[in-house]
1. Return the ratio Rg/(2.2 N^0.38 Å) for segment 53-197, where Rg is computed over Cα atoms only.
2. Among THR223, THR206, THR256, whose mean-square fluctuation peaks in a Gaussian network model of the chain (Cα, cutoff 10 Å)?
3. Taking Rh as the Kirkwood radius, which is the inverse of the mean 1/r over Cα pairs, what is the Rg/Rh value for segment 1-132?
4. Taking Cα pairs under 8 Å and at least six residues apart, what relative contact order does segment 179-290 come out at, in percent?
5. Using the alpha carbon gyration tensor of segment 179-290, what are the three equivalent-ellipsoid semi-axes (square root of 5 times each eigenvalue), largest first, in whole Å?
6. Rg/Rh for segment 253-347 to two decimals, with Rh computed the Kirkwood way over all alpha-carbon pairs.
7. Give, in whole angstrom and from largest to smallest, the semi-axes √(5λ) of the equivalent ellipsoid of the chain, with λ running over the eigenvalues of the Cα gyration tensor.
8. Please report the base-10 log of the normalised intensity I(q)/I(0) for segment 159-216, using a Debye sum with one equal scatterer per alpha carbon and no solvent, at each q in 0.12, 0.16, 0.22, 0.29 (1/Å).
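Where a number appears in this text, it was derived from the coordinates with a stated rule and is not lab data. Given the structure is predicted, the values throughout are model-derived calculations rather than measurements. No Cβ is skipped: glycine too gets one built from the backbone with ideal geometry, and neighbour counts run over all protein chains shown.
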Amino acid sequence: MAPKLETDLANQLIDVRRNLHREPELSYEEFRTTAKLREWLTEAEIRILDLPLATGLIAEIGHAEGPVVAIRCDIDALPIEEQTGLPFASEISGKMHACGHDFHTAVILGAALLLKERESELPGKVRVLFQPAEETGHGAESVLASGGLKDVAAIFGLHNSPELPTGTFGTRSGALTAGVDRFEITVKGVGAHAATPENGVDAIVTAAQIITMLQTVVSRQSTALEPVVLSVTRINGGFTWNVLPEKVELEGTVRTYNEEIRRSIPERMTRIIEGIAAAAGAEAELHWYPGPAATINHAEWADFTKEVAAETGYEVRDIPPQMGGEDFSFYLQQIPGAFVNIGAGPAYPLHHPQFDVDEAAIEPAARYFASLAERALEKLQAKA
Ligand SMILES: [Zn+2]
Ligand SMILES: [Zn+2]
């Protein structure tokens, strides 16, 4: 099954999506997916850049001297057991394309095939980026480190949206997705018999106070005008009913849009954690694991993506920012551009074991991204 550009692009791209859907691969393990992409792109005579990427790849279309734009999709899947019952459901137990990155890959491959047909007319070059490891939040950093986006003047990416019906398109200027950071907290007390807590230092009561007090980072220490979410999502401590454990571990996440506020959070949390631990006679420590920053769309390019969407027949919506994360933010910190949502719903939410996309949304999105890339080249050319 080779997606050569024939009249029935829609069906070919659906085949591509199903092929990938059957054999999902987790972040940085996308070897088969990358091999298939190489095969399909090579068959279409699209050149693939020689880059130090173990998985994922960047292809390039166009010969002309002139501006370079990039269109990007992500290719990884999730450690989720699929429960859709689809005839092309995951054949790999415990892994699933539950975020629709198979949809994204089919769309961007379709755009590449369409752009290849117009290669001689393109007033510049289009880099077509199939990015690994979006779900870990760090794949974009490997791509940037590979040097494959050198000279790119504008970059565009997509996510399918189960909330938007097929035929609709959503984006906004400014923050679209949140900064996503992860934390772990270790609370160390002194173990004791449950009947005689005075002989120990109760790590559980201390952890409970820390959890409660951490909410004041949001409710009392951050302005109500800038959204912050702090969620403790895991508590580990204790083995049985009559022993106070020595240690409790907590884990969670903080979501923000404002970079200044984001940077102030670890210090605020540390103050609370260490203060409460000291009051209890315990010790506590915060481990902070920074993820992607907020995805901040550049206003000019966000408006441009909407303009092209309206021309291509989409119903265009301004969507509110989302508290989820997206590592496309790493590109937008260095390259102007915009991230957009393509309606492929209604469906179960992203990461749900019954998540699915409307395949009818694939081909129009491929045509959209081909137009968007070409139109962006023209716009940049006119500016130069
Ligand atoms: Zn996801
Ligand atoms: Zn995703």
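1. Working it through for segment 53-197, the quotient is 1.45.
2. With Cα springs under 10 Å in the chain, the top fluctuation among THR223, THR206, THR256 is at THR223.
3. 0.99
4. Working: 222 pairs, mean separation 48.3, N = 112.
Dividing the mean separation by the residue count of segment 179-290 yields 43 percent.
5. Each semi-axis is √(5λ); the values are 29, 13, 10 Å.
6. Details: Rg = 19.3 Å, Rh = 16.5 Å.
For segment 253-347, the value is 1.17.
7. Calculated on Cα positions only, the semi-axes equal 44, 23, 18 Å.
8. With one equal scatterer per Cα and no solvent, log10 I(q)/I(0) is -0.58, -0.71, -0.95, -1.19.
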